[in-house]
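Peer 1: Sending over a structure as structure tokens; questions will come in a sec.
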Amino acid sequence: MQSKSTFPARIAPFSVLEPLPFSRVGLRKARFERETWTYFALLYLHNGRGSYLDFEPLGVLCLVTSARSKVVPSPGLGLHLESNEYQMAIKWWLGLDTSGQSMCPFCPDMALDPLGHHAVTCRHGGDVVIRHNRLRDEIFDLCRHAHLSVRLEKGNGLTRDLDHTRPADIFVAGWVRGKPAALDITITSPLCLAILGESCHQTSVAVLAAETRKLHSNGPKCQELGWSCIPLAVETYGNWGKEAQDTISRLASHLAIHQSSPKSSVVAEIYGRLNMTLVRSIARAILARELPPS
């Protein structure tokens with residue numbers, strides 16, 4: 001493990017680096033004041049001199065995947081980032097320009113914005129669906145490891161009006177007090193124009209709005225079927241909604257029993273896996289819209 005005393009000496013001082021525009025992304029609380037060495041690690045990596053694995057022992061990845069998670073890089077488990085993915089994730093997280101002043105290759109006449117909002121939320125190219133499905137599959141896999149009876153994509157045509165929507169991305173046969181639950185995953189961005197003004201001054205606005213939308217659209221069908229409707233909402237920056245946090249806590253309790261592990265470590269592992277999946281998919285979406293090198 002690399003210590004502070006052996007930190008690479010090739011890092012440029014603050015004065016010659018582009019100022020980090022935290023004011024543009026005030027939704028996230030940076031911890032760089034008390035972790036200056038980690039701040040330098042990020043800048044060192046951003047300058048292209050290091051790789052993701054060089055600085056993971058310093059806990060840099062926790063800044064990207066949230067403070068409460070700890071991830072050990074594992075290519076075999078899919079818990080890793082390639083160097084270009086990690087560098088792009090760092091640029092996006094810090095609010096640096098990820099656009100390359102180019103146009104979106106999937107949307108005619110749509111310029112990419114510096115904060116990467118369009119690249120992350122673009123409905124063309126398949127990245128939004130892939131991100132949703134990968135998070136869904138991670139949660140489904142965790143439920144199976146907790147020995148819960150689960151099924152994917154349930155609810156199609158079960159109501160009296162033969163509604164073909166599926167309120168359950170993940171159906172859990174016995175969740176709270178034996179009642180079935182429909183877990184519905186939704187990923188939202190706090191940079192959407194409709195809520196940007198509120199998001200700048202109040203946290204969790206985006207996830208609360210996403211939870212409300214899901215409850216409004218799926219609640220009546222779940223009630224008719226006798227299921228609990230549980231929206232699992234998360235912002236692109238890793239802020240999970242209250243319903244999702246409660247669900248992850250309950251899931252961690254099940255896993256802790258079967259793994260004979262402390263619940264706190266299981267909670268950190270779950271958030272690590274989910275946020276790693278989220279960050280990797282976001283980095284790949286931005287990279288997919290980069291101009292090829294000339």
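The values are calculated or read from the model by the stated rules, or taken from the named source; none is laboratory data. Here the structure is a predicted model, which means the values were calculated and not measured. All Cβ positions, glycine included, derive from the backbone under ideal geometry; neighbour counts span all protein chains shown. In case anyone asks, the SASA skips ligands and DNA or RNA and just uses the protein heavy atoms, side chains included. Shrake-Rupley method; radii C 1.70, N 1.55, O 1.52, S 1.80 Å.
Peer 1: Using beta carbons and a limit of 9 Å, which pairs, at least six apart or on different chains, have the first residue in the stretch 88-99 and at positive phi and the second one at pLDDT 85 or above?
Peer 2: Gly95/Pro114; Gly95/Leu115
Peer 1: Hey, another quick one. Step by step: first the residues of the stretch 180-198, then only those that are at pLDDT below 90 and over 17 Å from the mean Cα position of the chain (by Cα), then the one that is surrounded by the most Cβ atoms within 10 Å (Cβ to Cβ). Which residue is that?
Peer 2: Ile195
Peer 1: Would you tally the residues in the stretch 78-135 being touching a Gly at 6+ places or on another chain (Cβ under 8 Å), in a helix (DSSP H, G or I) and among the aromatic types (Phe, Trp, Tyr)?
Peer 2: Number satisfying all stated conditions: 1.
Peer 1: Take His147 and decide whether it is under 25 Å from Gly78 (Cβ atoms), out of contact with any Pro (no Cβ under 6 Å at 6 or more places or on another chain), outside any strand (DSSP E or B) and not acidic (Asp, Glu).
Peer 2: Yes, satisfied.
Peer 1: Taking the stretch 131-168, which residues are open to solvent by less than 20 Å² (accessible area, probe 1.4 Å) and either modelled with pLDDT of 90 or more or of a type in the set (Ser, Thr, Tyr) (or both)?
Peer 2: Within the stretch 131-168, Arg131, Leu135, Ile139, Leu142, Cys143, Ala146, Thr159 meet the criteria.
Peer 1: Looking at the stretch 257-294, which of its residues are at pLDDT 90 or above, touching a Gly at 6+ places or on another chain (Cβ under 7 Å) and not in a helix (DSSP H, G or I)?
Peer 2: Within the stretch 257-294, just Ala288 meets the criteria.
Peer 1: Right, here's the next one. Which of the residues that make up the stretch 90-129 are touching a Lys or Arg at 6+ places or on another chain (Cβ under 8 Å) and aliphatic (A, V, I, L, M)?
Peer 2: Leu112, Leu115, Ala119
Peer 1: Related question: With respect to Ala173, determine if the residue is open to solvent by less than 20 Å² (accessible area, probe 1.4 Å) and either at pLDDT 90 or above or under 18 Å from Ala233 (Cα atoms) (or both).
Peer 2: It is false that Ala173 is open to solvent by less than 20 Å² (accessible area, probe 1.4 Å) and either at pLDDT 90 or above or under 18 Å from Ala233 (Cα atoms) (or both).
Peer 1: On to the next question. Looking at (1) in contact (Cβ under 8 Å) with a residue 24 or more places away in the chain; (2) under 30 Å from Asp97 (Cβ atoms); (3) open to solvent by 50 Å² or more (accessible area, probe 1.4 Å), which is the only condition Ala210 fails?
Peer 2: (3)
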